Amino acid sequence: MKYRIRDLREDRDLKQKHIAEMLHIHQTTYSDYELGNLNIPITVLCCLAEFYDTSIDYIVGLTDEKKPYPKAKK
């Protein structure tokens with residue numbers, strides 16, 4: 001599966017190492033996410049969507065709408 005996380009990261013001039021540290025994973029694991037070699041766990045997708053202020057649907061290519069959905073009331 002092709003994710004949009006590389007484009008999102010590069011748009012902010014961030015390094016893979018920075019994102020991997022934020023997610024508490026190895027840089028090589030994050031690289032495999034970007035390359036589509038590993039499926040991204042839902043917990044990581046949630047963190048990335050929140051960090052990039054977008055939706056999981058945008059990250060996985062189900063929509064071209066970058067704007068996130070309204071937050072659910074807890």
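For the stretch 1-40, give me the residue count where each residue is touching a Gly at 6+ places or on another chain (Cβ under 8 Å) and either of a type in the set (S, T, N, Q) or modelled with pLDDT of 95 or more (or both).
Of the residues in the stretch 1-40, 1 are touching a Gly at 6+ places or on another chain (Cβ under 8 Å) and either of a type in the set (S, T, N, Q) or modelled with pLDDT of 95 or more (or both).
How about the chain: which helices (runs of 4 or more DSSP H) wholly inside it have at least 1 residues that are open to solvent by 90 Å² or more (accessible area, probe 1.4 Å)?
Because the criterion is at least 1 residues that are open to solvent by 90 Å² or more (accessible area, probe 1.4 Å), the helices (runs of 4 or more DSSP H) in the chain that meet it are 5-11, 16-23, 27-35, 42-51.
Could you give me the residue pairs with C-beta distances under 6 Å whose first residue belongs to the stretch 4-22 and is acidic (Asp, Glu), whose second residue is in a helix (DSSP H, G or I) wherever it lies, and which are 6+ apart or on separate chains?
If the second residue must be in a helix (DSSP H, G or I), no pairs are left.
In the stretch 9-57, which residues are under 21 Å from residue 71 (Cα atoms), out of contact with any Pro (no Cβ under 8 Å at 6 or more places or on another chain) and hydroxyl-bearing (Ser, Thr, Tyr)?
Those that are under 21 Å from residue 71 (Cα atoms), out of contact with any Pro (no Cβ under 8 Å at 6 or more places or on another chain) and hydroxyl-bearing (Ser, Thr, Tyr): 43, 52.
The values are calculated or read from the model by the stated rules, or taken from the named source; none is laboratory data. Values in this document were obtained by computation on a predicted structure and should not be read as measured data. Glycine also receives a Cβ, built like all others from the backbone with ideal geometry; neighbour counts cover every protein chain displayed. When the accessible area is computed, the model is the full protein with side chains, heavy atoms only, and any ligands, DNA or RNA have been set aside. Shrake-Rupley method; radii C 1.70, N 1.55, O 1.52, S 1.80 Å.
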